[in-house]
Amino acid sequence: MLKALIVEDDKLLASSLKKYISEKFISDTCSNGIEALEKIEKESYDLIIADSILPKLNAIGIINELKNKGLVIPIVVLAFIECPDDKALVMEYPMAEYFIKSHSEESFLIAVDNLLQRFNNKQDSSLITYKNLTVDLKNETAIFDGIVLENIKGKYLDLLYFFVLNNNIILKKEEIFDRVWGVNSETTINAIEVYISGLRKELKKVGCDKYLKTIRGIGYSLT
């Protein structure tokens with residue numbers, strides 16, 4: 001089984017979270033961020049679930065320490081209400097999810113599964129491949145079957161990279177916007193449809209557009 005660390009000072013909630021993920025995870029628990037870092041140094045974890053507000057060191061503090069140590073561990077940050085500034089900081093960590101506590105258990109488990117899938121898909125910080133489609137952020141290129149897609153640049157390349165990174169995951173429009181444009185972006189969420197339409201036109205030139213599917217009423221998926 002996988003191993004999780006639950007960082008939560010509310011014992012009842014910690015117990016519930018442990019139960020939620022018990023089918024896939026053996027869980028350790030602790031009540032503050034400092035203790036969490038001590039455990040992370042001693043143990044190998046596949047997932048961290050941390051309250052946004054914790055004694056001694058909060059979830060963002062934990063994320064900052066993971067960055068400083070060069071560690072990439074999937075982490076779900078639990079918040080009572082959405083705080084855009086905190087959410088923006090959390091989303092800077094590529095393997096983090098920001099989750100509102102009032103949402104359902106089912107939504108929480110989906111968020112965990114998607115996060116783990118994203119982590120499993122990730123191969124390199126700048127180069128990633130799905131089937132015969134490759135996105136290279138370092139050299140700013142997208143390649144399909146050896147053909148360079150010359151017009152996929154800038155935000156289109158960022159968008160394609162995010163889809164490839166999250167292949168076989170159904171992505172909501174809000175999640176795509178938060179990750180690709182940023183929580184505090186002045187661009188409106190309606191830009192997603194325009195960019196996806198443009199991306200599809202470029203992918204169609206090499207017969208790759210069939211990978212990108214619209215999930216009616218939810219969002220999109222590369223599959």
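Quick notes on this structure:
- Equivalent ellipsoid of region 118-223: semi-axes from √(5λ) of the C-alpha gyration tensor, largest first, are 20, 15, 14 Å.
- For the chain, built as a Gaussian network whose Cα springs stay under 10 Å, the top-fluctuating residue of Ile26, Ile75, Ile147: Ile147
- Paramagnetic reach from Ile170 in region 180-223 [backbone N under 18 Å; point 7 Å along Cα→Cβ]: 211-223
- Backbone N atoms of region 146-176 closer than 15 Å to the 7 Å Cα→Cβ label point of Leu127 belong to residues 146.
- Linear extension gain, Phe119 paired with Glu38, 0.36 nm per residue minus alpha-carbon span: 26.9 nm
- Out-of-range pairs (alpha-carbon distance over 27 Å; input Lys19/Lys101; Lys56/Lys155; Lys24/Lys153; Lys24/Lys210; Lys39/Lys122): Lys56/Lys155; Lys24/Lys153; Lys24/Lys210
- Ordering of 205-214, 27-36, 166-175 by packing is 27-36, 166-175, 205-214, highest average first (other Cβ atoms within 10 Å, averaged per residue).
- Evaluated at q = 0.09, 0.11, 0.12, 0.14 Å⁻¹, the base-10 log of the normalised Debye intensity for the chain, with identical point scatterers placed on the Cα atoms, takes the values -0.39, -0.58, -0.68, -0.89.
- Dipole check for region 130-197: with +1 at the C-beta of Lys and Arg, -1 at the C-beta of Asp and Glu, and the Cα centre as origin, the magnitude is about 120 Debye.
- Computed over the Cα atoms of region 2-121, the ratio of the radius of gyration to the Kirkwood radius (Rg/Rh) comes to 0.91.
- Using just its DSSP H runs of length 4 or more, each adding -39500 (n - 2.57), the chain gives a mean residue ellipticity at 222 nm of -12000 deg cm²/dmol after division by all residues.
- Selection among Leu133, Ile75, Met95 by position relative to the dipole of the chain gives Leu133 as farthest towards the positive end (Cβ unit charges, Cα centre).
- The magnitude of the dipole of the chain, with charges of +1 and -1 set on the Cβ of Lys/Arg and Asp/Glu and taken from the Cα centre, is near 780 debye.
- Spatial offset of region 197-223 relative to region 80-132 amounts to 21 Å, using the alpha carbon center of each.
- Take every DSSP beta bridge whose two residues both sit in the chain; close to 45 percent of them are antiparallel.
Just so you know, all these numbers are worked out from the coordinates, no wet-lab data involved. Values in this document were obtained by computation on a predicted structure and should not be read as measured data. Neighbour counts are summed over all protein chains in view; Cβ atoms, including those assigned to glycine, are modelled from backbone coordinates with ideal geometry.
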